[in-house]
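The numbers here are math on the coordinates, done by the rules we state, and not lab data. As the structure is a computational prediction, the values presented were derived from the model and not from experiment. Neighbour counts run over all protein chains shown; Cβ positions are idealised from the backbone, glycine included.
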Amino acid sequence: MTSLRRVLVVGTGLIGTSVALALRERGVTVLLADRDPLAVRLARELGAGEEWADDGPVDLAVLAMPPQAVAPELLRLQKDFVARFYTDVASVKALPVAGAEQLGCDMHTYIPGHPLAGRERSGPAAARADLFLGRPWALCPTSETAPQAVAAARELVELCGGKAVEVDAGTHDEAVAVISHAPHVAASAVAARLATASETALGLAGQGVRDVTRIAAGDPALWTGILSGNAAPVASVLEAVAADLAEAAAALRALSSGDDTAGERVTALLETGVQGQGRIPGKHGGPATTYATVQVVIGDRPGELSRLFQAARDAGVNIEDIRLEHTQGLPLGVAELSVRPDAAAVLAESLRSHGWQLP
C-alpha cells in the first residue's frame, strides 16, 4: 500500500504530465497546477489528474519546471504548507539547491531529483505513463534532507517505474554535462550545417545523419534554460570536444596536402570513440552487449511491423532492438533487427519462410 496518496504536480509539461500519468496508473490521486491553464486542461483531458484547488495538504509536491524556477516555487509552496515533502525534476541540481538555500527554504523537506528520461517533443501532449520505466532517476539529498523526504522520493520513483540513484548535486551536474547536455549542443552544431545544405545533400541524407541530429529537434528555449543552469560543466566538455574536432580537422587538412601519416591521428580519435560508445550500458543497465543485425525489407503499410514481430515470435527469437530506415520516394524501407548472435541465422531463415525479403 503506497503512502503517497495525494501528489501535486506543478508544471504540466512533458515530464510533469508523464509523472502524473504514471502515478494515476498506480491509483494515486494527482492534482495539477501550471501557469498555463491550457496546459492543465490538456493534461486533465489526457487523464493525468484534476486541477489543484488548494483543498488541503498533499503528501508530495513535484516541481516540474526549469531549474531557475524551482527555488522560488519551492519557497512559495512551503510558506503555504502545501505538502509534507517536496521534490523537483529539473535537469540540473546545484542551481536549484543553491537557490533554495539562499531563499531560506526548508531543506529538511526538500529532496532534489532528476529522471533521466525525455523525448524530442515537449508539452503535455507528448507525455507517456511509461516514460520512466527502467530509467535512472537521480536523487540528490543534501546534508539537511530528512530521511522521510528521501523515502517519499524513492517511492515516487518506484511508482513511476524508474530506478533511484543517489548522487550529490555537483557530481550529478558534471555527469549530465557529459551524457546529455554537451551531446545536445554537439548534435545541434551538426544539424545547423543542414540549415544551409544543398537540396542535393539533403536528398542523399540517410539514417546516420538522422541518428546524430535526432536530439537537436528539442525546444531551443527549454534547452537554453537547461544549459544556462549547468553552464560551466557543459563548457568544459564542449571545449574538450572542440579540441578533438580541431585536431581531426587539422589532420584531414594535412592528409589532403599529401601527409599520409596524418590519417593516423584521425584513426586514433575514431578508435577512442568506439571505446567510449562501447562503455554505454546495455539493456537493463547491464554491460553493453554485442548483437547481430538482421536486415529485412518492410513495406510502409499498416500491420507490417506486427507481421514482422509475429515471424520472430514463431522462430522463438527475441528482438532486442529495432531501427527503421525509410527509402525516399518508395513506400518501403529496411528494418534492422538486433538479436543475439546465435539467433541471427534462425531469425533469417524464419523470415524467408514467411515470405520476407532480406537484402
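Couple of notes before you dig in:
- Mean separation of Cα contacts under 8 Å (6+ apart) over length of the chain, as relative contact order %: 12 percent
- Relative contact order for region 202-359: 19 percent, from Cα pairs under 8 Å spaced at least 6 residues apart, divided by residue count.
- Segment residue 231-residue 212, length gained on full extension (0.36 nm per residue, minus Cα span): 4.6 nm
- Comparing 337, 63, 238 in a Gaussian network model of the chain, where Cα atoms under 10 Å apart are tied by springs, the biggest mean-square fluctuation is seen for 337.
- Linear extension gain, residue 243 paired with residue 271, 0.36 nm per residue minus alpha-carbon span: 8.5 nm
- Rounded to whole Å, the principal axis extents of the Cα atoms in the chain read 67, 53, 38, largest first.
- Sequence-separation-based contact order of region 6-167, relative, with Cα cut under 8 Å and 6+ spacing, percent: 24 percent
- Beta bridges per DSSP with both ends in region 6-167, % antiparallel, nearest 5: 10 percent
- Between residue 133 and residue 81, the simple spin-label model (points 7 angstrom out along Cα→Cβ) gives 4.1 nm.
- Percent of Cα pairs exceeding the 28 Å cut-off, where the set is region 208-359: 48 percent
- Rounded FRET efficiency, nearest 0.05, which uses the C-beta distance separating residue 106 from residue 29 and R0 of 22 Å: 0.40
- What the Cβ-Cβ distance of residue 354 and residue 323 gives, at R0 = 35 Å and to the nearest 0.05, is a FRET efficiency of 0.95.
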